[in-house]
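Trainee: To start, I am sharing the structure in question, which I have written as structure tokens.
The values are calculated or read from the model by the stated rules, or taken from the named source; none is laboratory data. Owing to the predicted nature of the structure, the values given are computational and were not obtained by experimental measurement. Each accessible area value is taken on the protein alone, full model and side chains, heavy atoms only, with ligands, DNA and RNA left out. Shrake-Rupley method; radii C 1.70, N 1.55, O 1.52, S 1.80 Å.
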Amino acid sequence: MVDVDRWPEWTESIRRVQRLDDGPLAVGARARVFQPGLPPAVWQVTALDEGGGGEGPLGGVLAWLTRGVNDRYIGMEAAGLKRRFEAT
């Protein structure tokens, strides 16, 4: 998951990722993410947690507003990860 440059290889929900910072993924790192049907968005790492993650203060509201596309993309991402792991 931290190899954001390779996300488009395993999920159709990400067309392209453009890292905006050099070096390894770390808190504060940013990337411009291109997804089908959505305008490009800059994502910023706010925490790195091998065991899961959390939401920012507006995460719940944003998730509610975009739930349809989120559900579809999460399905794509899960299927892509499953195919990638089964192939190794």
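Trainee: What are the extents of the Cα atoms of the stretch 1-54 along their three principal axes, listed from largest to smallest and rounded to whole Å?
Mentor: Result for the stretch 1-54: principal-axis Cα extents of 28, 22, 19 Å.
Trainee: If you count only protein heavy atoms with a 1.4 Å probe, what accessible area per residue comes out for the stretch 1-51, rounded to a whole Å²?
Mentor: Details: 3560 Å² over 51 residues.
About 70 Å² of surface per residue is accessible.
Trainee: Which cross-chain or sequence-distant (5 or more) residues have an amide H under 5 Å from the amide H of Arg16, H modelled 1.01 Å from N in plane?
Mentor: When sequence neighbours closer than 5 places are left aside, the close amide H contacts are Phe34.
Trainee: Got a sec to turn the phi values of the stretch 35-49 into Karplus ³J(HN,Hα) couplings, 6.51 cos²θ - 1.76 cosθ + 1.60 with θ = phi - 60°, whole Hz, x for Gly and Pro?
Mentor: 10, x, x, 10, x, x, 10, 8, 9, 10, 6, 9, 6, 10, 9
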